[in-house]
């Protein structure tokens, strides 16, 4: 693993190269897609992207945890977490490239 991160600018540039829109239009398209995904997740909806995976929001109830330094019990408040489940197609692509 290289440890590198793909940025919005890099994604926008990829849209520019692949689709042929202007750089500004590519950036606006990317922002619109990301906004739609985040808005849907904020409403509690799942987002499924064919051949990539699905995103969903899961509610975690309050529970008791421990401070690892002191061993003291502390309550962990209820919260929502984002869950990503990769598709079989994505899993296959990752595994055929030997990424561990």
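We did not get these values from a lab; they are worked out from the coordinates using the rules stated. Everything numeric here is computed off the predicted structure, so don't read it as measured data. All Cβ positions, even for glycine, are placed from backbone atoms using ideal geometry, and neighbour counts span all protein chains on display.
Side notes on the structure shown:
- By the count of other C-beta atoms within 10 Å, a proxy for reagent exposure, 33, 74 are ordered fewest to most as 74, 33.
- Exposure proxy order (Cβ contacts within 10 Å, fewest to most) of 55, 84: 84, 55
- Each helix, a run of at least 4 DSSP H residues, gives -39500 (n - 2.57); summed and divided by the residues of the chain, these come to -13000 deg cm²/dmol at 222 nm.
- The stretch 1-48 and the stretch 54-100: distance between their alpha carbon centers, rounded to Å: 23
- Rounded, prolate or oblate (a/c below 1.5 giving rounded, otherwise prolate when a/b exceeds b/c) for the stretch 21-100 by Cα gyration tensor: prolate
- Whole-number percent relative contact order across the chain, with pairs defined as alpha carbons under 8 Å at least 6 apart: 20
- Rounded tilt (10° steps) of 23-42 against the dominant C-alpha axis of the chain: 30
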